[in-house]
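Undergrad: First the structure, which I've put down as structure tokens, then a few questions once you've had a look.
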Amino acid sequence: MNHVDAYWEYHKVVGDEVGDKLLTPQQYEEYKQKVVPERMKNRLYVSWRVEGGIDCELIGPESMCHCQHRYRQHHTDNPDKNTKCKHCRCKKFEYVPKMGSQPARCKCKHYSTDHDLKKTCTKCACTSMHITFTCPCGNAAYLHSTCLETKDERLAAGKPVGKDVPYAAMGGLTGFSSLAPGYMRFDPSGARGDTVDLEPHSVAQSSRQRF
Ligand SMILES: [Zn+2]
Ligand SMILES: [Zn+2]
Ligand SMILES: [Zn+2]
Ligand SMILES: [Zn+2]
Ligand SMILES: [Zn+2]
């Protein structure tokens, strides 16, 4: 494994779990032995959709919450669907779509980012954030919500679950089979079938792709 691969794999596995300090090689080994098997069992699949509809967006590590922290900055490893933010008082991860590079606008004309954690606008009397743009699925954005599913629930609904991966905060991404040499190392039997060429740095964009 070269240095770049090792560094990249470390960050995918550990994510934001231990803050900024780097684990020692021994701590890292312990972390992998303790956390990774649980994570592979308890992964949450996260998507943004209208109840009962298709997954309009698949949430990935870099997807932005209403609290302005990314998915990876929330608790993501647990079967209880607790996605509390680790950096603020946000109680659950709630995806807010953007309009291109701009934050989306509420019906009050202010940006989604002008609304506080309780969805109250800080610039006017609006108390419920309604993002009005129409999603490609035909429904207004505000009718969508962030849905969390366990692997069993996904399977029962006939939805793809991808391969079990050791990485943190994978959310709804399931097309990782060819992503990393790291993946192959974790699972030597790894399928090489449905290959999608992703560079490590494009993980964020991949949340917009459908697998
Ligand atoms: Zn949040
Ligand atoms: Zn937060
Ligand atoms: Zn508003
Ligand atoms: Zn407003
Ligand atoms: Zn939609």
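Undergrad: Here is a list of conditions, (1) part of a strand (DSSP E or B); (2) within 16 Å of ligand 2 (Cβ to nearest atom), and Glu149 meets all of them except one; can you say which number that is?
TA: (2)
Undergrad: For the range 112-129, name all the residues that are within 22 Å of the chain's Cα centre (by Cα) and either surrounded by 15 or more Cβ atoms within 10 Å (Cβ to Cβ) or within 23 Å of Gly171 (Cα to Cα) (or both). Let's see the steps before the verdict.
TA: Narrowing the range 112-129 to residues within 22 Å of the chain's Cα centre (by Cα): 112-113, 115-119, 129.
Selection gives Ser112, Thr113, His115, Leu117, Lys119, Met129.
Undergrad: If you check Leu143, Leu148, Leu179, which single one turns out to be more than 18 Å from Arg105 (Cα to Cα) and modelled with pLDDT of 90 or more?
TA: Working: Leu143 fails: more than 18 Å from Arg105 (Cα to Cα); Leu179 fails: modelled with pLDDT of 90 or more.
Of Leu143, Leu148, Leu179, the one residue that is more than 18 Å from Arg105 (Cα to Cα) and modelled with pLDDT of 90 or more is Leu148.
Undergrad: Here's something else I'd like to know. Could you please let me know if Lys21 is of a type in the set (D, E, K, R), closer than 29 Å to Phe133 by Cα and assigned to a loop (DSSP other than H, G, I, E, B)? Spell out how you get there, then give the answer.
TA: Values: of a type in the set (D, E, K, R): yes; closer than 29 Å to Phe133 by Cα: no; assigned to a loop (DSSP other than H, G, I, E, B): yes.
Judged against the criteria, Lys21 is not a match.
Undergrad: Name the single residue that is nearest to ligand 5 (Cβ to nearest atom) among those in the range 121-148 being out of contact with any strand residue (DSSP E or B) (no Cβ under 8 Å at 6 or more places or on another chain) and not small (Gly, Ala, Ser).
TA: Taking the range 121-148 and keeping what is out of contact with any strand residue (DSSP E or B) (no Cβ under 8 Å at 6 or more places or on another chain), we get 123-125, 128, 136, 138.
Of the ones still in play, those that are also not small (Gly, Ala, Ser) are 123-124, 136.
Numbers: Lys123: 27, Cys124: 27, Pro136: 6 Å.
Checking each candidate, the answer is Pro136.
Undergrad: For Asp55, which of the numbered conditions (1) part of a helix (DSSP H, G or I); (2) within 24 Å of Glu153 (Cα to Cα) fails to hold?
TA: The failed condition is (1).
Undergrad: Sticking with this one: Considering only the range 95-117, state which residues are more than 13 Å from ligand 4 (Cβ to nearest atom) and not in a loop (DSSP other than H, G, I, E, B).
TA: Tyr95, Lys98, Met99, Gln102, listed by residue number.
Undergrad: Out of the residues in the range 88-138 that are hydroxyl-bearing (Ser, Thr, Tyr) and within 17 Å of Met64 (Cα to Cα), which is modelled with the lowest pLDDT? Outline the logic, then answer.
TA: Of the residues in the range 88-138, the ones hydroxyl-bearing (Ser, Thr, Tyr) are 95, 101, 111-113, 120, 122, 127-128, 132, 134.
So of that shortlist, the ones also within 17 Å of Met64 (Cα to Cα) come out as 95, 101, 111-113.
Values: Tyr95: 95, Ser101: 87, Tyr111: 95, Ser112: 95, Thr113: 94.
Step by step, filter the range 88-138, then rank; the result is Ser101.
Undergrad: Hey, Lys86 hits all of (1) farther than 19 Å from Ser47 by Cα; (2) touching a helix residue (DSSP H, G or I) at 6+ places or on another chain (Cβ under 8 Å); (3) free of Cβ contacts under 8 Å to residues at least 60 places away in the same chain but one; which does it fall short on?
TA: (3)
Undergrad: Name the residues in the range 58-79 that are in a loop (DSSP other than H, G, I, E, B), more than 21 Å from Val161 (Cβ to Cβ) and polar (S, T, N, Q), would you?
TA: Gln68
The values are calculated or read from the model by the stated rules, or taken from the named source; none is laboratory data. Predicted model, so just to flag it, every value in this text is computed and none were measured. Note: ideal-geometry Cβ built from the backbone for every residue, glycine included; neighbour counts use all protein chains shown.
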